[in-house]
Amino acid sequence: MELVQDTTRPSLVDMKGIPMIKYFAEGTRLLQDFQAWPDDLLVSTYPKSGTTWVSEILDIIYQDGDLQKCRRAPIYMRVPFLEFTSPGVPSGREALENTAAPRLLKTHLPLALLPQSLLDQKVKVIYIARNAKDVAVSYYNFYLMAKVHPDPGTWDSFLENFMKGTVSYGSWYQHVQEWWELRRTHPVLYLFYEDLKENPKREIRKILEFVGRSLPEKTIDSIIQHTTFKEMKKNPMANYTTVPPDFMDHNVSAFMRKGTTGDWKNTFTVAQNERFDAHYADKMAGCNFIFRSEI
Ligand code: PPS
C-alpha cells in the first residue's frame, strides 16, 4: 500500500480545467493506461449523490443476493474507485488488482478526465444524480470530515464555490448535464437519488433490466431491506468506518450522515436559497430533465 505523508488538506489542483483533490489527480494520471473490459459496469456520479448506496445494491445483485458474500470487504474494495489514492488506504488501482470479471467500478470523473477505454469498450454506465441543494450540503459536511479536501471555509463561502464549480470535481451543473447527454451515444442508465428514495423496488428493477439479470421477488425485497440508510449506516463494510480517522473523521460528520431528501432546508438561509435558485435557473436553462429537491 502506498503511503503518502502529506495528509493535511492539500489545495485542489487543476486538471484540464477541473479542480481535483491532489491525491485523486495523481490517481487520475495513473489511469492513463487503464484498460476497460467490455463486461465492466461503471457507477458514475458527481460526489455525494448516492454512489455508495447504488454500489452496495449492485454488489448484492452481482452476488445473486448472497448478503454474506457482500461482507467480504469494504465497499471501496468491492467496487474499486478508479481515480482514488489516499494515504493509508489501498488505491483504486490496487483494489482493481484483486477484482475478477465482471467488475463493478466507481468514478466521479467528468467526461474530460474519463479514461477513453471506458468509452471505446462501450462499458455500461449507471449514473446517479441527486438534487444540487442536498449535494451541496452533503459535500460541505464531507469536506469537513474528509481531510483530503482543502478547508471548506464557511458554509456560505463553500456554497459560492459550489455554484462557481471551484470545488473538487468541478461543476455539478456540467457533470449532471454532460452525463445525461452521453446517453445519446453510450449505454447509460440515468437514475435519480430521489427516485430511489421514493420507490427503491421500481429503481432496482430498472437496474436489473439494464444489467441483464433477474432475481426472485424475495431477493429484491432483501436487497431493499439491506440497503436502507439505517442498515448501511451500521454496516462497517458500507459505512467507511474502516478507513483511517486521519482520512475520514466520523466524529466531525458521519459518512452516512442523514440519507434524506430535503435536508438542505436545515442549512440554506432564505437569502442563500433565493440566490441559489436564480443562479440554478441560469445554469440549467435548456436542460430537459427535472431534479426534485423534495419528495
Ligand atoms: S461519495 O463520497 O461521493 O462516494 O458519497 P456518496 O455515496 O455518493 O453519497 C453519500 C450520500 O449518500 C447518502 N447515503 C444514503 N442515502 C440513502 N440511503 C442509503 N442507503 C444511503 N447510503 C448513503 C449518505 O448519507 C450521503 O448523504 P448525506 O446527505 O450526507 O447523508
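The values are calculated or read from the model by the stated rules, or taken from the named source; none is laboratory data. This structure is a prediction, so every number in the text was calculated from the model and none was measured. Here the Cβ positions follow ideal geometry from the backbone for every residue, glycine too, while neighbour counts run over all protein chains shown. We work out accessible area using only protein heavy atoms, side chains counted, and drop any ligands, DNA or RNA first. Shrake-Rupley method; radii C 1.70, N 1.55, O 1.52, S 1.80 Å.
What to note about this one:
- Considering (1) outside any loop (DSSP other than H, G, I, E, B); (2) surrounded by fewer than 12 Cβ atoms within 10 Å (Cβ to Cβ), the lone condition that W264 does not fulfil carries the number (2).
- When segment 37-67 is filtered for residues that are open to solvent by 10 Å² or more (accessible area, probe 1.4 Å), charged (D, E, K, R) and either more than 13 Å from the ligand (Cβ to nearest atom) or within 15 Å of V125 (Cα to Cα) (or both), the ones remaining, listed by number, are D39, D64, D66.
- Condition broken by T107, with the remaining ones in (1) closer than 25 Å to L191 by Cα; (2) open to solvent by 10 Å² or more (accessible area, probe 1.4 Å); (3) of a type in the set (S, T, N, Q) satisfied: (2)
- For segment 75-95, filtering for residues that are within 16 Å of P236 (Cβ to Cβ), more than 10 Å from the ligand (Cβ to nearest atom) and part of a helix (DSSP H, G or I) leaves 2.
- Just one of the listed residues (K258, K201, K230) is away from the ligand (no atom under 12 Å from the Cβ), surrounded by fewer than 17 Cβ atoms within 10 Å (Cβ to Cβ) and more than 22 Å from L42 (Cβ to Cβ), and it is K201.
- Residues of segment 111-159 classified as under 17 Å from P38 (Cα atoms), open to solvent by 20 Å² or more (accessible area, probe 1.4 Å) and among the polar types (S, T, N, Q), total: 2
- The numbered conditions (1) of a type in the set (D, E, K, R); (2) over 20 Å from the mean Cα position of the chain (by Cα); (3) within 15 Å of the ligand (Cβ to nearest atom) are all true for D151 except (3).
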